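Right, one structure below, let's go through it.
None of the figures in this text is laboratory data; all of them are computed from the coordinates on show. Only a predicted model underlies this, so the values are computations on that prediction, with no experimental measurement involved. Note that we place each Cβ from the backbone using ideal geometry, even for glycine, and neighbour counts take in every protein chain shown.
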């Protein structure tokens with residue numbers, strides 16, 4: 001290493017130790033606050049998805065259990081079909097619902113969903129509130145499969 | 001808080017991805033200085049250094065679980081993220097930085113004309129002159145000088161941070177130092 005290079009390296013060492021050494025304390029405080037908020041959001045999201053999954057599973061179980069009573073085949077099937085059609089009309093159809101058999105008897109279950117899940121079926125949502133829970137009615141057909149969704153508010 | 005005071009970066013990032021605040025604080029305190037200094041030396045501005053440090057650790061919060069220790073150290077991983085943010089900031093502020101550099105040069109020339117050479121001032125002036133020379137390097141050369149000479153990162157880590165071969169780091173560093181010496185010689189000629 002020649003003298004000029006040595007001088008450069010000494011200058012670089014001096015420069016390395018010059019000036020502020022670290023970010024402000026305020027930045028650390030801000031980042032910790034942000035981390036807490038993100039952790040809370042993550043926990044809320046996990047809870048909502050578990051809660052809505054549980055609610056739908058419970059609704060299906062109830063439907064299977066009382067299904068024969070609700071869809072009593074002896075009680076004027078044509079009228080019931082009309083009622084079911086009217087009920088279906090109030091709901092926003094789910095993407096794959098067209099491929100399912102027509103609704104003969106329906107059941108409505110109220111659930112809480114993350115707002116983000118409504119985006120996939122075409123509801124416009126405010127992205128800042130994507131993780132917020134929203135109440136919705138889910139229309140289940142006689143087979144226990146969801147056909148449509150209706151926002152409560 | 002975490003029971004053990006020092007965890008590996010791997011463990012800390014895993015805990016961060018699970019929402020462990022103490023792990024995040026430990027990881028931040030361990031690495032913020034080098035990220036901040038890297039951004040400061042690359043940009044020459046404390047505001048950018050602060051902004052980049054914030055962006056880097058915000059990124060860590062959301063992608064901690066994607067960290068793969070096989071692909072490099074956490075320091076290299078952080079500097080890789082910091083580098084992208086710094087380059088974005090420099091791109092955004094390019095016209096402003098150029099104007100500021102010109103103003104700094106003029107002010108520095110005026111000072112050199114007006115003042116006698118006191119040793120402390122001369123030392124400061126040399127550091128300032130070198131700082132300007134580093135900031136005037138093209139980004140590809142500047143980043144290797146900042147990582148290897150100013151942040152004392154070894155070649156392998158610098159290569160992992162910049163996503164290039166160790167040989168590339170060596171050759172860029174060699175060229176960058178040559179450019180710096182040229183600039184310093186030119187600066188000395190101006191002040192004589």
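Net length available on complete extension from residue A:99 to residue A:112 is 2.2 nm, with 0.36 nm assigned per residue and the Cα-Cα distance removed. From largest to smallest, the equivalent ellipsoid semi-axes obtained for segment B:3-85 from the alpha-carbon gyration tensor read 22, 13, 11 Å. Spacing of the modelled spin labels on residue A:17 and residue B:70, each 7 Å from Cα toward Cβ, amounts to 4.2 nm. If R0 is 41 Å, the Cβ-Cβ spacing of residue A:25 and residue B:174 corresponds to a FRET efficiency of close to 0.55.
Here residue B:22 and residue A:2 are evaluated by their C-beta separation; at R0 = 35 Å the FRET efficiency comes out at 0.10. Between residue A:42 and residue B:189, the FRET efficiency from the beta-carbon distance, with R0 = 51 Å, is close to 0.30.
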